[in-house]
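Written out below as structure tokens is the structure these notes cover.
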Amino acid sequence: MLGGVLGNVYNATKSLIKGHLVTLKELRTPKITVHYPDERLELPLGSRGMPALKVNQDTGLLNCTACGVCARECPVDAIEVEAVVGEKGRKKRYPAIYNLDMTHCMQCNLCVEACPFDALEMSDAFEISRYDLDDLIFDKEQLAEIWKTHKAVRITGGEKL
Amino acid sequence: MSEIEARRLKAEEVGHEKLILNLGPQHPSTHGVLRVITTLEGERITEAEPDIGFLHRNFEKIVEGWTWSQVIPLTDRNDYLANINNEHAYVLAVEKLAGIEVPERAEYIRVIMSELNRIASHLLTFGTFAMDMGAFTPFLYGFRERELLYDIFEKVTGARMMHNYVRLSGVRNDLPDGWDKEVLEFLDRLENDVIPDYYDLLIKNPIFEARSLGVGVLTKEDAIAYGAAGPILRGSGIDWDLRRDMPYSIYDRFDFEVITREEGDHYARFMVRMDEMIESAKIIRQAFEQMPEGPVMGKVPRVLKPEGDIYSAVEGPRGEIGVYLVGDGNFKPYRVKWRAPSFSNLSILPLMAKGQFVADIVLTIGTLDPIFGEVDR
Ligand code: SF4
Ligand code: SF4
């Protein structure tokens with residue numbers, strides 16, 4: 001083996017060439033960078049964005065019965081539900097208020113799994129940045145709108161995607 | 001007496017001026033928010049004191065107010081590069097405490113996901129360690145492979161990092177069709193193209209060798225005394241891996257080697273991680289072959305009020321992730337104690353940094369690979 005300075009120069013050059021050969025190889029491989037937002041990736045089915053309220057296709061109404069199970073299941077208390085109060089103070093099975101606070105929500109899917117009425121689904125809407133925090137509290141109309149405009153799925157436990 | 005020696009003696013007489021240098025907490029080399037207060041004499045470190053807690057979120061106290069199953073998404077945020085391993089650790093503990101059965105297929109899926117997560121974590125460590133050394137290109141390579149792996153994760157769990165996938169008594173959903181082929185393709189590429197490239201790009205480089213061979217040596221005795229875990233322990237020549245020595249889940253069904261290296265220096269720890277990726281790939285292949293059909297969710301009792309206490313641990317990418325649970329017959333855990341491997345690994349830093357050059361402490365932090373989500377909790 002070469003010793004001293006000459007050896008060092010030899011070793012450095014050799015590893016330099018080796019390293020650059022690896023880089024050169026990349027010329028042949030397909031480009032994997034996606035220039036968001038000009039280009040977009042196709043999101044896989046079941047990609048988790050934010051929860052959205054399912055609209056019944058026949059009646060055009062929400063499936064939600066304002067039972068409040070999702071609000072209890074949410075670890076960070078991001079959901080606020082209140083049922084419509086009818087005559088004699090009886091609660092109807094329809095939400096008067098359904099607010100989802102996306103400043104708290106961590107998109108964990110627990111509320112969707114908990115809903116017993118097939119009323120809540122996880123949509124792939126992830127572009128929800130706003131200038132004001134108040135705009136991040138979504139009411140029931142907005143949540144239904146998100147359900148209509150995005151892919152949404154409901155996974156409750158064990159099934160295939 | 002030569003002139004140089006005389007000068008040195010004179011300098012010793014006068015004494016060096018000590019310099020206190022703050023590394024971090026906002027320094028790219030510290031992998032997050034670590035502050036190290038170093039005392040320097042010239043270029044040598046005489047004392048290094050890690051200051052932690054900048055990312056403290058009060059995990060252990062928060063979860064006392066949550067039900068047993070609500071805790072799972074938060075465990076993701078402890079070691080955010082090994083999410084499935086963390087979920088697995090917690091879920092295993094609760095399952096043992098409450099005596100919940102897990103279907104076979106779910107166990108296999110958990111193992112596959114855990115091992116994939118280990119590979120993802122080691123890929124990132126490869127990249128960050130190279131960047132700590134000043135080589136930027138390998139960093140991008142490590143990240144690229146990890147992102148491709150995260151694409152694979154996303155198809156199953158729906159998320160790239162915060163999966164929230166493992167459930168009490170199983171996993172949230174079954175694997176989609178054709179997913180196994182994608183994983184196997186990735187593993188083939190990892191073994192045949194990616195890792196050899198890494199060797200050419202970084203590991204065989206003389207600068208890499210000069211800066212990692214024989215630097216930051218951790219002896220066997222110290223590794224045990226400080227409670228080191230994972231690749232740090234095995235890099236110091238101690239043959240200990242929970243997957244083999246205290247098999248949990250179904251790890252006793254797989255044939256794999258526990259990688260150890262005797263030297264205990266940066267190079268040894270780094271190479272343990274590189275070789276572990278290949279072992280993980282082995283486990284995943286075997287798991288796909290053995291995996292039975294069937295349900296992926298078992299029965300969870302409607303009323304989950306376990307009583308008693310339990311300690312259970314899994315081998316995460318950074319070592320033993322231990323969970324100590326106390327249940328007092330309530331919907332919520334009475335106490336959750338999280339043994340974070342990064343925390344005990346980081347405690348060795350003062351010992352290892354003593355006598356090192358300033359430039360090397362950055363690498364030492366790099367090989368200890370602490371994740372501040374779990375150090376500070
Ligand atoms: S996704 Fe999780 S955090 Fe968000 S509202 Fe549902 S349960 Fe709460
Ligand atoms: S979304 Fe489902 S769980 Fe939530 S209140 Fe409506 S019906 Fe109940």
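The values are calculated or read from the model by the stated rules, or taken from the named source; none is laboratory data. Note that this is a predicted model, so its numbers are computed, not measured. Quick reminder, even Gly has a Cβ in these numbers, built from the backbone with ideal geometry, and neighbours come from all protein chains shown.
Of note, A:ILE97 satisfies the criterion of being under 24 Å from the mean Cα position of the chain (by Cα), exposed (fewer than 13 other Cβ atoms within 10 Å of the Cβ) and assigned by TED's automatic domain parsing to the domain that holds A:ILE137. Strands (runs of 3 or more DSSP E) fully within region A:48-129 that include at least 2 residues being over 30 Å from B:ILE84 (Cβ atoms) and more than 11 Å from ligand 1 (Cβ to nearest atom): A:79-85, A:91-101. Checked against (1) away from ligand 2 (no atom under 14 Å from the Cβ); (2) surrounded by 14 or more Cβ atoms within 10 Å (Cβ to Cβ); (3) of a type in the set (Asp, Glu), A:GLU73 passes all but a single condition, namely (1).
Tell me the residue from A:MET106, A:MET50, A:MET122 that is in contact with a Cys (Cβ under 7 Å, 6 or more places away or on another chain) and at pLDDT 85 or above, please. Spell out the reasoning first.
Numbers: A:MET106 fails: in contact with a Cys (Cβ under 7 Å, 6 or more places away or on another chain); A:MET122 fails: in contact with a Cys (Cβ under 7 Å, 6 or more places away or on another chain).
Going through A:MET106, A:MET50, A:MET122 in turn, just one is in contact with a Cys (Cβ under 7 Å, 6 or more places away or on another chain) and at pLDDT 85 or above: A:MET50.
B:ARG167 - would you say it is surrounded by fewer than 19 Cβ atoms within 10 Å (Cβ to Cβ) and within 22 Å of A:MET106 (Cα to Cα)? Break it down into steps so the answer makes sense when it comes.
Details: surrounded by fewer than 19 Cβ atoms within 10 Å (Cβ to Cβ): no; within 22 Å of A:MET106 (Cα to Cα): yes.
So B:ARG167 fails the test.
Listed here are the residues, each with its yes/no results for (1) hydrophobic (A, V, I, L, M, F, W, C); (2) under 18 Å from A:CYS74 (Cβ atoms); (3) in contact with a helix residue (DSSP H, G or I) (Cβ under 7 Å, 6 or more places away or on another chain).
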residue: A:CYS105; (1), (2), (3): yes, yes, no
residue: A:VAL112; (1), (2), (3): yes, yes, no
residue: A:PRO116; (1), (2), (3): no, yes, yes
residue: A:LEU120; (1), (2), (3): yes, yes, yes
residue: A:SER129; (1), (2), (3): no, no, no
residue: A:ASP134; (1), (2), (3): no, no, no
residue: A:GLU141; (1), (2), (3): no, no, no
residue: A:LYS148; (1), (2), (3): no, no, no
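When A:PRO116, A:PRO95 are checked against the criterion of being within 15 Å of ligand 2 (Cβ to nearest atom) and within 14 Å of another protein chain (Cβ to nearest Cβ), a single residue qualifies: A:PRO116. Among the residues making up region A:102-161, those that are surrounded by fewer than 16 Cβ atoms within 10 Å (Cβ to Cβ), within 13 Å of the chain's Cα centre (by Cα) and touching a residue at least 12 places away in the same chain (Cβ under 8 Å) are A:PHE126, A:ILE128.
Scan region B:280-316 residue by residue and report those that are touching an Asp or Glu at 6+ places or on another chain (Cβ under 7 Å), away from chain A (no Cβ under 14 Å) and part of a loop (DSSP other than H, G, I, E, B). If the condition is that a residue be touching an Asp or Glu at 6+ places or on another chain (Cβ under 7 Å), away from chain A (no Cβ under 14 Å) and part of a loop (DSSP other than H, G, I, E, B), then B:PRO292 is the only one that fits.
Inspect region A:53-68 for any residue being within 14 Å of chain B (Cβ to nearest Cβ), within 26 Å of B:GLY65 (Cβ to Cβ), within 16 Å of ligand 2 (Cβ to nearest atom) and surrounded by 12 or more Cβ atoms within 10 Å (Cβ to Cβ) and give the result as yes or no.
Just the residues of region A:53-68 that are within 14 Å of chain B (Cβ to nearest Cβ), to begin with: none.
Looking through region A:53-68, none of the residues is within 14 Å of chain B (Cβ to nearest Cβ), within 26 Å of B:GLY65 (Cβ to Cβ), within 16 Å of ligand 2 (Cβ to nearest atom) and surrounded by 12 or more Cβ atoms within 10 Å (Cβ to Cβ).
Restricted to region B:190-260, the set of helices (runs of 4 or more DSSP H) holding at least 2 residues that are crowded, with 17+ Cβ neighbours inside 10 Å comprises B:195-198, B:206-212, B:231-235, B:242-245.
For region B:157-189, filtering for residues that are within 21 Å of B:ASN78 (Cβ to Cβ) and either part of a helix (DSSP H, G or I) or polar (S, T, N, Q) (or both) leaves 2. Looking at region A:13-47, which of its residues are charged (D, E, K, R) and within 10 Å of chain B (Cβ to nearest Cβ)? The answer is A:LYS14, A:LYS18, A:LYS25, A:GLU26. Of the residues in region B:133-142, at least one is surrounded by fewer than 20 Cβ atoms within 10 Å (Cβ to Cβ), away from chain A (no Cβ under 11 Å) and hydrophobic (A, V, I, L, M, F, W, C).
Of all residues assigned to region B:105-124, none qualifies as being surrounded by fewer than 20 Cβ atoms within 10 Å (Cβ to Cβ), of a type outside the set (Ser, Thr, Tyr) and in contact (Cβ under 8 Å) with a residue 60 or more places away in the chain.
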